[in-house]
1. Please give the calculated 222 nm ellipticity per residue for the chain, where each DSSP H segment of at least 4 residues contributes -39500 (n - 2.57) and the sum is spread over every residue; nearest 500 deg cm²/dmol?
2. Can you put Ile259, Ile376, Ile116 in order of Cβ neighbours within 10 angstrom, beginning with the fewest?
3. Order by neighbour count: Met241, Met203, Met307, fewest other Cβ atoms within 10 Å first, most last.
4. For a Förster distance of 22 Å, can you work out the FRET efficiency between the beta-carbons of Ala15 and Ala284, rounded to the nearest 0.05?
5. Distance from a point 7 Å along Cα→Cβ of Asp27 to each backbone N in the stretch 185-229: keep the residues under 20 Å and list them by number.
6. Calculate, axis by axis, the spread of Cα positions in the chain along the three principal axes, and write the results as whole Å, longest axis first.
7. Taking only the alpha-carbon atoms of the stretch 1-106, what semi-axes of the equivalent ellipsoid follow from 5 times the gyration tensor eigenvalues under a square root, in whole Å, largest first?
8. Where a Cα-Cα gap under 18 Å defines reach, which lysines qualify for Lys352, not counting those fewer than 8 residues away within the same chain?
Amino acid sequence: MMKPIPYGRQSITQADIDAVVDALKSDFLTQGPRVSKFEDTFADYVSAKFAVAVSSGTAALHLSALALGVNEESNIITTPITFAASANCIRYCGGNITFADIDSSTALIDIDAIEILLQSSPQGTYQGIISVDYAGYPVDLERLRAIANEYDLWIISDACHSLGGYFVDSSGRTQKCGNGAFADLTVFSFHPVKHITTGEGGMITTNDEQLYRKLLMLRTHGITKENSLVGENHGGWYYEMQMLGFNYRLPDVNAALGISQLKRADAGLERRIQIAAKYDKAFAGSKIKTIHPKSNIGHAYHLYVIMIENRKQVYEKLREKGIYVQVHYIPVHLLPYYQSLGYKQGTLPAAKFFYEKCLSLPMFPGLTDEEQEFIIENIIQLNFLING
Ligand SMILES: *Cc1c(COP(=O)(O)O)cnc(C)c1O
């Protein structure tokens, strides 16, 4: 029997280990020069002007919501097929979430549904949209921006799944996820299952200098020492706390890992695309459905999701074989916390349908050909046994 295969896993090289050891031997453990370097190289990688490193993707979402002024009066639209944190960040600020259904051909938020929602609500009801590049499939932010402009909304792009992804816009330009061309703020996570890892960590990218300055302050308690920003100056020790911020700093030790990992981001993405192509080929013409990205999309393949009948049975049988498939996600509005807020079952039918059938197959750069063949063989066999 093969050793268990997870759905996602980090890859750590000797270069990563050396980078972390170097950081440990340096003067900085918490935020220091490696954080700045990580921010600069990351901003460069996604072609954004500014990047702010933080302690997790969730912290990145929370700070983004704060920087955009979310409060108890806010109504924000997002997708139900995402990790809970995409919606929770609004709840942290006391705001309300409205879930729009997904487009079943992509599993992304249905932009038509957003438009209908906005058209049927009084102007000014909603302040923002959190879009999610689910599985690594980039949302059409060009179209979303046009709608957002019409209704005066901001956009947070949750790109935790789509580092290295892109779409080609209507004028033929490649728009990298996180480049800040359409979204006000873009959020990434460096949890170990994501494209690159810092253990725990996150990043916010933006082209908006004002939001950038605000994020820097919010990351460190809302405190600033910068001469140009403080109102008075009592001496060298003087600082001001100008807003209620948090300690969401990323340690330099973790940033060292991030810098080293980022160097292999392209290689990792290439391998993910290769794995996806092999799955695509194996399931073509079978009853196992997959999501095929449109031709103008650079899918980042954080996840490889199939749609399968009798999903629970397939899931359990695969686990018995040591293939640790996963389900992404239980629709957020159906989680007990959101149910307690009054979200109804029986709404958002496309999300419910998707949830009943989706299954994430192992997808990570370190997956071997042999492992992938074992996975494919077992899925095809089980699907035949269970579903005919
Ligand atoms: C991983 C993830 C997050 C949260 O990131 P953490 O770093 O685990 O806090 C948020 N949104 C999505 C879509 C994610 O996949």
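Here, each number is a calculation from the coordinates, and none is a lab measurement. Everything numeric here is computed off the predicted structure, so don't read it as measured data. Neighbour counts run over all protein chains shown; Cβ positions are idealised from the backbone, glycine included.
1. About -11500 deg cm²/dmol.
2. If I rank by nearby Cβ atoms, fewest first, I get Ile116, Ile376, Ile259.
3. By the 10 Å Cβ count, ascending: Met241, Met307, Met203.
4. Computed FRET efficiency for Ala15 and Ala284: 0.05.
5. 225-226
6. Principal extents (Cα only, largest first): 77, 57, 44 Å.
7. That gives 32, 23, 13 Å for the three semi-axes.
8. Lys289, Lys312, Lys344
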